[in-house]
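Enquirer: Before I ask anything, let me first share the structure, which is written out below as C-alpha coordinates.
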Amino acid sequence: MGIVVQKYGGSSLADASSVKRVARRIVESRRQGHDVVVAVSAMGDSTDELLDLANEVSPLPPARELDMLLTAGERISMALVAMAISDLGFTARSFTGSQAGVITDSVHGRAKIIDVTPGRISTALDEGHVVIVAGFQGVSQDTKEITTLGRGGTDTTAVALAAALHADHCEIYTDVDGVFTADPRIVPSARKLDRVSYEEMLELAACGAKILHLRCVEYARRYDIPIHVRSSFSQLEGTWVVPDAAADLPEAEDMEQAIIAGVAHDRSEAKITVVGVPDKVGEAARIFEALADAQINLDMIVQNISAAATSLTDISFTLPRADGQTAMKALAGLRDEIGFASLLYDDKIGKISLIGAGMRSHPGVSAKFFSAIAAAGVNIQMISTSEIRISVIVDEGLVDAAVAAAHSAFDLDSDEVEAVVYGGSGR
Ligand code: ASP
Ligand code: MG
(Lines give C-alpha, C1' and ligand atoms only; values in the text may rest on other atoms or scores of the structure.)
(Ligands and ions follow the chains in the order given, each with its own letter.)
Protein backbone atom coordinates (compact mmCIF):
# COMPACT_ATOMS: atom_id res chain seq x y z
CA MET A 1 0.00 0.00 0.00
CA GLY A 2 1.07 3.52 -0.69
CA ILE A 3 1.84 6.61 1.28
CA VAL A 4 -1.00 8.58 2.84
CA VAL A 5 -0.42 12.25 3.66
CA GLN A 6 -2.85 13.85 6.10
CA LYS A 7 -3.15 17.32 7.56
CA TYR A 8 -4.92 18.17 10.81
CA GLY A 9 -5.80 21.79 11.54
CA GLY A 10 -5.79 23.62 14.86
CA SER A 11 -9.50 23.12 15.52
CA SER A 12 -9.00 19.34 15.25
CA LEU A 13 -6.18 19.60 17.82
CA ALA A 14 -7.76 21.94 20.35
CA ASP A 15 -6.91 20.03 23.55
CA ALA A 16 -5.48 16.79 24.93
CA SER A 17 -8.56 14.73 24.18
CA SER A 18 -8.70 15.91 20.56
CA VAL A 19 -4.98 15.13 20.17
CA LYS A 20 -5.80 11.57 21.27
CA ARG A 21 -8.76 11.40 18.90
CA VAL A 22 -6.58 12.50 15.98
CA ALA A 23 -3.94 9.93 17.00
CA ARG A 24 -6.59 7.19 16.83
CA ARG A 25 -7.53 8.31 13.35
CA ILE A 26 -3.93 8.31 12.20
CA VAL A 27 -3.35 4.85 13.68
CA GLU A 28 -6.44 3.61 11.84
CA SER A 29 -4.78 4.48 8.52
CA ARG A 30 -1.54 2.86 9.68
CA ARG A 31 -3.45 -0.32 10.62
CA GLN A 32 -4.83 -0.48 7.08
CA GLY A 33 -1.24 -0.91 5.98
CA HIS A 34 -0.42 2.60 4.72
CA ASP A 35 2.76 4.53 5.36
CA VAL A 36 1.39 7.62 7.07
CA VAL A 37 2.85 11.14 7.03
CA VAL A 38 0.96 13.83 8.92
CA ALA A 39 1.32 17.63 8.86
CA VAL A 40 -0.06 19.32 11.97
CA SER A 41 -1.09 22.90 12.78
CA ALA A 42 -0.77 24.64 16.13
CA MET A 43 -3.42 23.71 18.71
CA GLY A 44 -6.71 25.64 18.69
CA ASP A 45 -6.18 29.39 18.47
CA SER A 46 -2.63 29.21 19.77
CA THR A 47 -1.05 30.97 16.76
CA ASP A 48 -3.32 33.97 17.44
CA GLU A 49 -2.43 33.81 21.12
CA LEU A 50 1.29 33.82 20.32
CA LEU A 51 0.75 36.80 18.02
CA ASP A 52 -1.14 38.67 20.74
CA LEU A 53 1.67 37.91 23.15
CA ALA A 54 4.31 39.15 20.72
CA ASN A 55 2.38 42.38 20.21
CA GLU A 56 2.16 42.94 23.94
CA VAL A 57 5.92 42.61 24.22
CA SER A 58 6.71 44.71 21.17
CA PRO A 59 4.54 46.74 18.79
CA LEU A 60 6.71 45.77 15.82
CA PRO A 61 8.40 42.43 16.53
CA PRO A 62 11.39 41.57 14.30
CA ALA A 63 10.19 39.20 11.58
CA ARG A 64 12.88 36.61 12.32
CA GLU A 65 11.90 36.37 15.98
CA LEU A 66 8.20 36.29 15.14
CA ASP A 67 8.81 33.25 12.95
CA MET A 68 10.82 31.59 15.75
CA LEU A 69 7.91 32.20 18.10
CA LEU A 70 5.10 31.07 15.80
CA THR A 71 6.82 27.85 14.68
CA ALA A 72 6.79 26.77 18.32
CA GLY A 73 3.01 26.30 18.07
CA GLU A 74 3.30 23.52 15.49
CA ARG A 75 6.18 21.90 17.40
CA ILE A 76 3.94 21.53 20.44
CA SER A 77 1.30 19.77 18.32
CA MET A 78 3.75 17.44 16.58
CA ALA A 79 5.29 16.19 19.80
CA LEU A 80 1.93 15.65 21.50
CA VAL A 81 0.48 13.78 18.51
CA ALA A 82 3.60 11.58 18.38
CA MET A 83 3.24 10.83 22.11
CA ALA A 84 -0.44 9.92 21.71
CA ILE A 85 0.43 7.58 18.84
CA SER A 86 3.06 5.80 20.88
CA ASP A 87 0.48 5.37 23.60
CA LEU A 88 -1.61 3.41 21.10
CA GLY A 89 1.24 0.96 20.55
CA PHE A 90 2.68 2.43 17.34
CA THR A 91 5.87 4.41 16.98
CA ALA A 92 5.97 7.91 15.62
CA ARG A 93 8.75 10.39 14.86
CA SER A 94 8.06 14.10 14.84
CA PHE A 95 10.11 16.50 12.72
CA THR A 96 10.25 20.28 12.46
CA GLY A 97 9.78 21.71 8.96
CA SER A 98 13.53 22.13 8.66
CA GLN A 99 14.25 18.53 9.74
CA ALA A 100 11.59 17.30 7.32
CA GLY A 101 13.41 19.01 4.44
CA VAL A 102 10.95 21.83 3.75
CA ILE A 103 13.21 24.37 2.02
CA THR A 104 11.89 27.89 1.44
CA ASP A 105 12.96 31.29 0.21
CA SER A 106 14.06 33.75 2.88
CA VAL A 107 10.94 35.92 3.25
CA HIS A 108 9.87 35.81 6.89
CA GLY A 109 6.13 35.53 7.52
CA ARG A 110 5.18 34.45 4.00
CA ALA A 111 7.96 32.25 2.70
CA LYS A 112 7.46 30.14 -0.42
CA ILE A 113 8.44 26.48 -0.50
CA ILE A 114 11.09 26.03 -3.18
CA ASP A 115 12.04 22.40 -2.57
CA VAL A 116 11.28 19.46 -0.33
CA THR A 117 14.05 16.96 0.44
CA PRO A 118 12.26 14.34 2.52
CA GLY A 119 15.25 12.06 3.25
CA ARG A 120 14.60 11.81 7.00
CA ILE A 121 10.90 11.20 6.40
CA SER A 122 11.60 8.32 4.03
CA THR A 123 14.09 6.76 6.45
CA ALA A 124 11.64 7.01 9.33
CA LEU A 125 8.90 5.41 7.19
CA ASP A 126 11.26 2.61 6.19
CA GLU A 127 11.88 1.98 9.86
CA GLY A 128 8.14 1.55 10.37
CA HIS A 129 7.34 4.85 12.08
CA VAL A 130 4.41 7.14 11.56
CA VAL A 131 5.87 10.54 10.62
CA ILE A 132 4.50 13.78 12.08
CA VAL A 133 5.71 17.05 10.54
CA ALA A 134 5.25 20.53 12.02
CA GLY A 135 3.26 22.46 9.43
CA PHE A 136 3.52 26.09 8.28
CA GLN A 137 7.33 26.28 8.49
CA GLY A 138 10.56 25.62 6.71
CA VAL A 139 14.16 26.71 6.52
CA SER A 140 15.56 29.25 4.11
CA GLN A 141 18.02 27.96 1.56
CA ASP A 142 20.11 31.17 1.60
CA THR A 143 19.92 32.51 5.11
CA LYS A 144 19.44 29.14 6.91
CA GLU A 145 16.84 30.90 9.05
CA ILE A 146 13.55 29.38 10.15
CA THR A 147 10.63 30.75 8.12
CA THR A 148 6.82 30.53 8.16
CA LEU A 149 4.55 30.14 5.14
CA GLY A 150 1.78 32.59 6.07
CA ARG A 151 -1.44 32.01 7.99
CA GLY A 152 -3.04 28.70 7.12
CA GLY A 153 0.24 27.44 5.67
CA THR A 154 0.03 23.90 7.05
CA ASP A 155 -2.24 23.02 4.11
CA THR A 156 0.66 23.89 1.84
CA THR A 157 3.12 21.85 3.91
CA ALA A 158 0.84 18.83 3.50
CA VAL A 159 0.45 19.14 -0.27
CA ALA A 160 4.19 19.79 -0.72
CA LEU A 161 4.95 16.62 1.27
CA ALA A 162 2.40 14.66 -0.78
CA ALA A 163 4.09 15.83 -3.99
CA ALA A 164 7.63 15.10 -2.75
CA LEU A 165 6.65 11.64 -1.51
CA HIS A 166 4.62 10.82 -4.65
CA ALA A 167 1.42 10.20 -2.70
CA ASP A 168 -1.71 9.69 -4.85
CA HIS A 169 -3.55 12.43 -3.02
CA CYS A 170 -3.51 14.58 0.12
CA GLU A 171 -6.14 14.45 2.88
CA ILE A 172 -6.88 17.75 4.62
CA TYR A 173 -8.81 17.23 7.87
CA THR A 174 -10.71 20.22 9.19
CA ASP A 175 -13.74 21.18 11.31
CA VAL A 176 -16.37 21.15 8.53
CA ASP A 177 -17.38 18.37 6.13
CA GLY A 178 -15.65 19.82 3.08
CA VAL A 179 -15.72 22.83 0.78
CA PHE A 180 -19.14 24.51 0.89
CA THR A 181 -20.96 26.77 -1.55
CA ALA A 182 -20.50 29.58 1.03
CA ASP A 183 -19.00 29.83 4.50
CA PRO A 184 -21.38 27.68 6.61
CA ARG A 185 -20.71 30.02 9.54
CA ILE A 186 -22.72 32.72 7.75
CA VAL A 187 -24.92 30.66 5.39
CA PRO A 188 -26.15 27.61 7.35
CA SER A 189 -27.95 26.33 4.25
CA ALA A 190 -24.67 26.15 2.30
CA ARG A 191 -24.20 22.89 0.40
CA LYS A 192 -21.11 20.70 0.47
CA LEU A 193 -19.48 20.32 -2.93
CA ASP A 194 -18.57 16.74 -3.86
CA ARG A 195 -15.94 18.01 -6.27
CA VAL A 196 -14.46 21.31 -7.26
CA SER A 197 -11.82 22.03 -9.88
CA TYR A 198 -8.36 23.42 -9.04
CA GLU A 199 -9.28 26.47 -11.09
CA GLU A 200 -12.44 27.23 -9.10
CA MET A 201 -10.79 26.39 -5.79
CA LEU A 202 -7.96 28.82 -6.60
CA GLU A 203 -10.48 31.61 -7.12
CA LEU A 204 -12.42 30.65 -3.97
CA ALA A 205 -9.23 30.65 -1.87
CA ALA A 206 -7.98 33.90 -3.42
CA CYS A 207 -11.36 35.53 -2.71
CA GLY A 208 -11.37 34.81 1.00
CA ALA A 209 -12.60 31.21 1.43
CA LYS A 210 -10.37 30.16 4.33
CA ILE A 211 -10.92 26.45 3.95
CA LEU A 212 -7.66 25.99 2.01
CA HIS A 213 -4.49 28.06 1.84
CA LEU A 214 -4.15 29.60 -1.64
CA ARG A 215 -0.57 28.34 -2.10
CA CYS A 216 -1.65 24.80 -1.28
CA VAL A 217 -4.09 24.84 -4.20
CA GLU A 218 -1.45 26.33 -6.52
CA TYR A 219 0.94 23.59 -5.45
CA ALA A 220 -1.68 20.86 -5.90
CA ARG A 221 -2.43 22.08 -9.39
CA ARG A 222 1.22 22.34 -10.37
CA TYR A 223 2.03 18.81 -9.18
CA ASP A 224 -1.41 17.39 -9.96
CA ILE A 225 -2.16 16.18 -6.44
CA PRO A 226 -5.90 15.74 -5.79
CA ILE A 227 -6.91 17.09 -2.35
CA HIS A 228 -9.60 15.47 -0.23
CA VAL A 229 -10.95 18.08 2.21
CA ARG A 230 -12.95 16.40 4.97
CA SER A 231 -13.91 16.57 8.62
CA SER A 232 -11.78 15.01 11.34
CA PHE A 233 -14.97 14.84 13.43
CA SER A 234 -16.99 12.58 11.10
CA GLN A 235 -16.38 9.70 8.71
CA LEU A 236 -18.19 11.42 5.83
CA GLU A 237 -16.67 11.69 2.39
CA GLY A 238 -15.61 15.31 1.93
CA THR A 239 -14.85 17.43 -1.15
CA TRP A 240 -12.37 16.39 -3.81
CA VAL A 241 -10.34 19.19 -5.35
CA VAL A 242 -9.40 17.80 -8.74
CA PRO A 243 -8.23 18.89 -12.22
CA ASP A 244 -11.71 18.85 -13.75
CA ALA A 245 -14.74 18.75 -11.47
CA ALA A 246 -17.09 17.48 -14.14
CA ALA A 247 -14.93 14.60 -15.39
CA ASP A 248 -16.42 11.10 -14.96
CA LEU A 249 -19.75 12.44 -13.80
CA PRO A 250 -22.98 11.42 -15.48
CA GLU A 251 -24.19 13.99 -18.01
CA ALA A 252 -27.16 15.34 -16.04
CA GLU A 253 -25.27 15.92 -12.84
CA ASP A 254 -22.50 17.45 -14.87
CA MET A 255 -24.82 20.13 -16.24
CA GLU A 256 -26.26 20.96 -12.88
CA GLN A 257 -22.88 21.37 -11.34
CA ALA A 258 -21.53 23.48 -14.10
CA ILE A 259 -22.58 27.08 -13.52
CA ILE A 260 -21.60 28.24 -10.04
CA ALA A 261 -19.25 26.60 -7.52
CA GLY A 262 -19.83 29.03 -4.69
CA VAL A 263 -19.90 32.49 -3.14
CA ALA A 264 -16.81 33.65 -1.22
CA HIS A 265 -16.37 36.72 0.94
CA ASP A 266 -13.42 38.64 2.28
CA ARG A 267 -13.25 41.27 4.99
CA SER A 268 -9.51 41.79 4.94
CA GLU A 269 -9.27 44.56 2.34
CA ALA A 270 -9.44 48.34 2.36
CA LYS A 271 -10.20 50.80 -0.43
CA ILE A 272 -8.21 53.89 -1.38
CA THR A 273 -9.49 56.55 -3.76
CA VAL A 274 -7.20 59.09 -5.35
CA VAL A 275 -9.54 61.99 -6.06
CA GLY A 276 -9.10 64.48 -8.89
CA VAL A 277 -6.20 62.99 -10.82
CA PRO A 278 -5.34 65.04 -13.96
CA ASP A 279 -6.49 62.91 -16.89
CA LYS A 280 -3.28 62.70 -18.88
CA VAL A 281 -0.82 60.10 -20.06
CA GLY A 282 1.32 58.46 -17.39
CA GLU A 283 -0.46 59.48 -14.17
CA ALA A 284 -1.77 56.00 -13.36
CA ALA A 285 1.68 54.59 -14.02
CA ARG A 286 3.22 57.01 -11.50
CA ILE A 287 0.64 56.16 -8.83
CA PHE A 288 1.01 52.42 -9.21
CA GLU A 289 4.79 52.55 -9.44
CA ALA A 290 4.87 54.24 -6.04
CA LEU A 291 2.71 51.45 -4.62
CA ALA A 292 4.84 48.76 -6.24
CA ASP A 293 7.99 50.34 -4.78
CA ALA A 294 6.32 50.08 -1.36
CA GLN A 295 5.83 46.31 -2.03
CA ILE A 296 2.04 46.55 -1.94
CA ASN A 297 -0.11 43.93 -3.64
CA LEU A 298 -3.25 45.46 -5.10
CA ASP A 299 -6.46 43.67 -5.84
CA MET A 300 -9.16 45.58 -7.74
CA ILE A 301 -8.47 48.78 -9.65
CA VAL A 302 -11.13 51.07 -11.09
CA GLN A 303 -10.62 54.22 -13.12
CA ASN A 304 -13.10 56.05 -15.24
CA ILE A 305 -12.41 58.47 -18.05
CA SER A 306 -12.82 62.04 -16.82
CA ALA A 307 -15.93 64.07 -17.27
CA ALA A 308 -14.82 66.21 -20.23
CA ALA A 309 -15.50 69.49 -18.42
CA THR A 310 -13.08 68.93 -15.55
CA SER A 311 -10.44 66.68 -17.18
CA LEU A 312 -9.98 65.17 -13.75
CA THR A 313 -10.60 61.53 -12.86
CA ASP A 314 -10.78 59.38 -9.72
CA ILE A 315 -8.80 56.18 -9.32
CA SER A 316 -9.91 53.63 -6.70
CA PHE A 317 -8.22 50.40 -5.74
CA THR A 318 -8.35 47.80 -2.99
CA LEU A 319 -5.45 46.32 -1.02
CA PRO A 320 -4.86 44.34 2.19
CA ARG A 321 -5.91 46.43 5.22
CA ALA A 322 -2.58 45.66 6.79
CA ASP A 323 -0.87 47.68 4.04
CA GLY A 324 -3.29 50.63 4.23
CA GLN A 325 -1.08 53.05 6.13
CA THR A 326 2.02 52.28 4.05
CA ALA A 327 0.08 52.91 0.85
CA MET A 328 -1.43 56.18 2.09
CA LYS A 329 2.05 57.41 3.02
CA ALA A 330 3.51 56.45 -0.35
CA LEU A 331 0.70 58.28 -2.18
CA ALA A 332 0.72 61.36 0.02
CA GLY A 333 4.32 61.86 -1.10
CA LEU A 334 3.15 62.14 -4.73
CA ARG A 335 0.48 64.73 -4.20
CA ASP A 336 2.39 67.81 -5.27
CA GLU A 337 4.08 66.06 -8.13
CA ILE A 338 0.84 64.72 -9.64
CA GLY A 339 -1.48 67.39 -8.38
CA PHE A 340 -4.43 65.25 -7.35
CA ALA A 341 -7.00 66.75 -5.00
CA SER A 342 -7.16 64.31 -2.08
CA LEU A 343 -6.89 60.73 -0.82
CA LEU A 344 -9.76 58.77 0.73
CA TYR A 345 -9.27 55.67 2.86
CA ASP A 346 -12.07 53.23 3.72
CA ASP A 347 -11.55 49.97 5.54
CA LYS A 348 -15.22 49.31 6.25
CA ILE A 349 -15.66 47.34 3.07
CA GLY A 350 -16.09 43.70 2.14
CA LYS A 351 -15.71 41.78 -1.08
CA ILE A 352 -18.20 39.21 -2.35
CA SER A 353 -17.25 36.92 -5.20
CA LEU A 354 -19.35 34.58 -7.27
CA ILE A 355 -17.22 31.79 -8.72
CA GLY A 356 -17.94 29.11 -11.28
CA ALA A 357 -16.38 27.73 -14.43
CA GLY A 358 -19.85 27.54 -15.98
CA MET A 359 -20.21 31.31 -16.20
CA ARG A 360 -17.87 31.23 -19.20
CA SER A 361 -20.67 29.83 -21.30
CA HIS A 362 -23.75 31.18 -19.52
CA PRO A 363 -25.04 34.65 -20.28
CA GLY A 364 -26.91 36.60 -17.61
CA VAL A 365 -24.86 35.55 -14.61
CA SER A 366 -23.78 39.11 -13.73
CA ALA A 367 -27.29 40.46 -14.16
CA LYS A 368 -28.67 37.86 -11.78
CA PHE A 369 -25.87 38.44 -9.25
CA PHE A 370 -26.30 42.23 -9.24
CA SER A 371 -30.11 41.96 -9.01
CA ALA A 372 -29.86 39.65 -6.02
CA ILE A 373 -27.54 42.09 -4.29
CA ALA A 374 -29.79 45.01 -5.11
CA ALA A 375 -32.85 43.14 -3.82
CA ALA A 376 -31.02 42.72 -0.51
CA GLY A 377 -30.70 46.52 -0.37
CA VAL A 378 -26.93 46.48 -0.81
CA ASN A 379 -25.14 49.13 -2.87
CA ILE A 380 -22.23 48.04 -5.07
CA GLN A 381 -19.12 50.23 -4.83
CA MET A 382 -16.76 48.47 -7.25
CA ILE A 383 -16.92 45.54 -9.66
CA SER A 384 -14.24 43.33 -11.14
CA THR A 385 -14.35 40.11 -13.10
CA SER A 386 -12.23 37.26 -14.36
CA GLU A 387 -13.30 34.57 -16.77
CA ILE A 388 -14.85 32.51 -13.97
CA ARG A 389 -15.48 35.11 -11.25
CA ILE A 390 -17.47 38.27 -10.57
CA SER A 391 -16.49 40.27 -7.48
CA VAL A 392 -18.13 43.30 -5.91
CA ILE A 393 -17.11 45.61 -3.09
CA VAL A 394 -19.87 46.53 -0.64
CA ASP A 395 -20.25 48.04 2.81
CA GLU A 396 -18.66 45.74 5.40
CA GLY A 397 -21.81 45.52 7.51
CA LEU A 398 -23.84 44.20 4.57
CA VAL A 399 -21.53 41.36 3.55
CA ASP A 400 -23.51 38.57 5.23
CA ALA A 401 -26.80 39.71 3.71
CA ALA A 402 -25.30 40.03 0.23
CA VAL A 403 -23.65 36.58 0.42
CA ALA A 404 -26.93 34.96 1.50
CA ALA A 405 -28.86 36.76 -1.26
CA ALA A 406 -26.44 35.68 -4.01
CA HIS A 407 -26.34 32.15 -2.65
CA SER A 408 -30.14 31.80 -2.84
CA ALA A 409 -30.43 33.51 -6.22
CA PHE A 410 -28.25 30.81 -7.78
CA ASP A 411 -30.17 27.99 -6.05
CA LEU A 412 -27.16 26.92 -4.05
CA ASP A 413 -29.11 26.37 -0.82
CA SER A 414 -29.15 22.79 0.36
CA ASP A 415 -32.49 21.14 0.99
CA GLU A 416 -30.91 18.78 3.47
CA VAL A 417 -29.91 19.44 7.06
CA GLU A 418 -27.90 22.51 8.00
CA ALA A 419 -24.15 22.44 7.47
CA VAL A 420 -22.30 21.37 10.61
CA VAL A 421 -19.41 23.38 12.03
CA TYR A 422 -17.83 20.88 14.41
CA GLY A 423 -15.23 22.99 16.13
CA GLY A 424 -13.06 26.02 16.02
CA SER A 425 -13.78 29.54 17.09
CA GLY A 426 -13.33 30.78 13.52
CA ARG A 427 -10.82 33.24 14.95
N1 ASP B 1 -0.97 27.72 12.81
C2 ASP B 1 -0.85 28.49 11.59
C3 ASP B 1 -2.01 29.46 11.49
O4 ASP B 1 -2.87 29.52 12.31
C5 ASP B 1 -0.76 27.64 10.38
C6 ASP B 1 -1.97 26.79 10.08
O7 ASP B 1 -2.86 26.63 10.91
O8 ASP B 1 -2.04 26.28 8.98
O9 ASP B 1 -2.07 30.20 10.55
MG1 MG C 1 -6.68 26.47 7.64
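Enquirer: Quick one: net charge around Val378, please, counting Lys, Arg +1 and Asp, Glu -1 for every other residue with C-beta under 15 Å from its C-beta.
Expert: On the way: positive: Arg267, Lys348, Lys351, Lys368; negative: Asp395, Glu396, Asp400.
Result for the local shell: +1.
Enquirer: Nearest 0.05, what FRET efficiency do Arg185 and Lys280 give at R0 = 35 Å with Cβ-Cβ as r?
Expert: Details: r = 47 Å, r/R0 = 1.35.
Between Arg185 and Lys280 the formula returns 0.15.
Enquirer: Residues with amide H under 5 Å of Gly97's amide H, sequence separation 5 or more or different chain, H placed in the peptide plane at 1.01 Å from N; which?
Expert: For Gly97, the qualifying residues are Ala134.
Enquirer: With a 1.4 Å probe and all protein chains left in place, how much accessible area per residue does segment 145-208 have, in Å²?
Expert: Values: 1750 Å² over 64 residues.
Ligands and nucleic acids excluded, the result is 27 Å² per residue.
Enquirer: Please go through the residue pairs Lys112/Lys210; Lys7/Lys368; Lys348/Lys368; Lys210/Lys271; Lys7/Lys192; Lys7/Lys112 and name each one whose alpha carbons sit more than 27 Å apart in this structure. Let's see the in-between values first.
Expert: Working: Lys112/Lys210 18 Å; Lys7/Lys368 38 Å; Lys348/Lys368 25 Å; Lys210/Lys271 21 Å; Lys7/Lys192 20 Å; Lys7/Lys112 18 Å.
Among Lys112/Lys210; Lys7/Lys368; Lys348/Lys368; Lys210/Lys271; Lys7/Lys192; Lys7/Lys112, the Cα-Cα distance tops 27 Å for Lys7/Lys368.
Enquirer: At a 1.4 Å probe radius, carbon and sulfur cover how many percent of the accessible area of the chain? Show your work: numbers first, answer last.
Expert: Working: 9950 of 19320 Å².
Its accessible area is 52 percent carbon and sulfur atoms.
Enquirer: Between Asp244 and Glu416, how high is the FRET efficiency from 1/(1 + (r/R0)^6) when r is the Cβ-Cβ distance and R₀ = 22 Å? Nearest 0.05. Provide the component values of the computation, followed by the final result.
Expert: Values: r = 26 Å, r/R0 = 1.17.
The calculated FRET efficiency here is 0.30.
Enquirer: Here is a follow-up. Specify whether the C-alpha gyration tensor of segment 29-139 places it in the rounded, prolate or oblate class, a ≥ b ≥ c being the square roots of the eigenvalues: rounded for a/c under 1.5, otherwise prolate if a/b is larger than b/c and oblate if not.
Expert: Numbers: a/c = 3.36, a/b = 1.66, b/c = 2.02.
It comes out oblate by the Cα gyration axes.
Enquirer: Over segment 66-105, give the accessible area per residue in Å² for a 1.4 Å probe, as an integer. Spell out each step's value before the answer.
Expert: On the way: 1570 Å² over 40 residues.
Per-residue value: 39 Å².
Enquirer: Moving on to the next point. For Gly150, what is the net charge nearby, where nearby means another residue's Cβ is under 10 Å from its Cβ and Lys, Arg count +1, Asp, Glu -1?
Expert: Numbers: positive: Arg110, Lys112, Arg151, Arg215; negative: none.
Local net charge: +4.
Enquirer: Most mobile of Ser58, Ser140, Ser77 per a Gaussian network model of the chain (Cα springs, under 10 Å)?
Expert: Sorting by GNM fluctuation, first place goes to Ser58.
Enquirer: Classify the chain from the C-alpha gyration tensor, please: rounded if a/c falls under 1.5, else prolate or oblate depending on whether a/b exceeds b/c. Don't skip to the end; give the middle numbers.
Expert: Numbers: a/c = 2.17, a/b = 1.42, b/c = 1.52.
Taking the square roots of the gyration eigenvalues as a ≥ b ≥ c, the chain is oblate.
Enquirer: In addition: In whole Hz, with x marking every Gly and Pro, tabulate ³J(HN,Hα) for segment 199-209 from phi via Karplus 6.51 cos²θ - 1.76 cosθ + 1.60, θ = phi - 60°.
Expert: These are the phi-based 3J(HN,Hα) values: 4, 5, 5, 4, 5, 4, 5, 5, 9, x, 5 Hz.
Enquirer: Just to check I understand the Karplus step: with θ = phi - 60° and J = 6.51 cos²θ - 1.76 cosθ + 1.60, what whole-Hz values come out for segment 371-387, glycine and proline as x?
Expert: Result, ordered by residue: 5, 4, 5, 5, 4, 7, x, 10, 8, 8, 9, 8, 9, 9, 9, 10, 4 Hz.
Enquirer: Please calculate how many Å² of accessible area segment 276-346 carries per residue, with a 1.4 Å probe and no DNA, RNA or ligand atoms counted. Write down the numbers at each step before the final one.
Expert: Details: 4090 Å² over 71 residues.
Accessible surface, normalised per residue, equals 58 Å².
Enquirer: So which residue, out of Ser408, Ser361, Ser122, gets the largest mean-square fluctuation from a GNM of the chain using Cα contacts under 10 Å as springs?
Expert: For the chain, modelled as a Gaussian network with Cα springs under 10 Å, the answer is Ser361.
Enquirer: Can you tell me how much longer the chain between Asp336 and Val107 gets when fully stretched, taken as 0.36 nm per residue apart minus their C-alpha distance, in nm with one decimal? Can you show the working numbers first?
Expert: Values: separation 229, 0.36 × 229 = 82.44 nm, distance 3.41 nm.
That pair, Asp336 and Val107, stretches by 79.0 nm at full extension.
Enquirer: If you don't mind, there's one more thing I want to ask. Where nothing but the Cβ of Lys and Arg (+1) and of Asp and Glu (-1) is charged, how large is the charge dipole of the chain around its Cα centre, in debye to the nearest 20?
Expert: I would put it at about 740 debye.
Enquirer: A further question follows. Tell me the net charge near Val274. Cut-off is 15 Å between Cβ atoms, Val274 excluded, with +1 for each Lys or Arg and -1 for each Asp or Glu. Mind dumping the intermediate values first?
Expert: Values: positive: Lys271, Lys280, Arg286, Lys329, Arg335; negative: Asp279, Glu283, Glu289, Asp314, Asp336, Glu337, Asp346.
Charge balance near Val274 sits at -2.
Enquirer: How do 324-334, 38-48 rank on mean C-beta neighbours within 10 Å, highest first? Please report the intermediate quantities before stating the final value.
Expert: Details: 324-334: 15.4, 38-48: 24.7.
Ranking, from highest mean packing down: 38-48, 324-334.
Enquirer: If you don't mind, there's one more thing I want to ask. State to the nearest 20 debye the size of the charge dipole of segment 268-368 about its Cα centre, where the only charges are +1 on K and R beta carbons and -1 on D and E beta carbons.
Expert: On the way: 10 positive and 12 negative charges, 86 e Å.
In debye, rounded to 20, segment 268-368 gives about 420.
Enquirer: Would you mind calculating the gained length between Ser361 and Glu56 on full extension (0.36 nm times residue separation, minus the Cα-Cα distance), in nm to one decimal? Intermediate values should be presented prior to the final figure.
Expert: Working: separation 305, 0.36 × 305 = 109.80 nm, distance 5.23 nm.
Between Ser361 and Glu56, full extension yields 104.6 nm more.
Enquirer: Given the options Val133, Val241, Val274, which has the most mean-square fluctuation in a GNM of the chain, springs set between C-alpha atoms less than 10 angstrom apart?
Expert: Checking each option, the largest mean-square fluctuation is seen for Val274.
Enquirer: Turning to a different aspect of this structure: Which shape class, rounded, prolate or oblate, goes with segment 215-366 when its Cα gyration tensor gives a ≥ b ≥ c as root eigenvalues, a/c under 1.5 marks rounded, and past that a/b bigger than b/c marks prolate?
Expert: Numbers: a/c = 3.02, a/b = 2.10, b/c = 1.43.
Prolate, since a/c reaches 1.5 and a/b exceeds b/c.
Enquirer: May I pose another question? If you take the beta carbon distance between Met1 and Ser386 as r and set R0 to 45 Å, what does 1/(1 + (r/R0)^6) give as a FRET efficiency, to the nearest 0.05?
Expert: On the way: r = 41 Å, r/R0 = 0.90.
FRET efficiency, Met1 to Ser386: 0.65.
Enquirer: In whole Hz and in residue order, list the ³J(HN,Hα) couplings for segment 8-19 that follow from phi through the Karplus curve 6.51 cos²θ - 1.76 cosθ + 1.60, θ = phi - 60°; x for Gly and Pro.
Expert: Rounded to whole hertz, the list is 10, x, x, 6, 7, 10, 6, 8, 4, 6, 6, 4.
Enquirer: For a quick check: with amide H placed at 1.01 Å from N, whose amide H comes under 5 Å from Ile114's, ignoring anything fewer than 5 positions away on the same chain?
Expert: Under 5 Å from the amide H of Ile114: Ile103, Thr104, Asp105.
Enquirer: Determine the percent antiparallel among the DSSP beta bridges restricted to the chain, to the nearest 5. Please list the in-between numbers first.
Expert: Numbers: 44 of 72 bridges.
The antiparallel fraction comes to roughly 60 percent.
The values are calculated or read from the model by the stated rules, or taken from the named source; none is laboratory data. If you're wondering where the values come from, they're calculated on a predicted model, not measured in any experiment. All Cβ positions, even for glycine, are placed from backbone atoms using ideal geometry, and neighbour counts span all protein chains on display. Please note that ligands, DNA and RNA were not included when accessible areas were found on the heavy atoms of the full protein model with its side chains. Shrake-Rupley method; radii C 1.70, N 1.55, O 1.52, S 1.80 Å.
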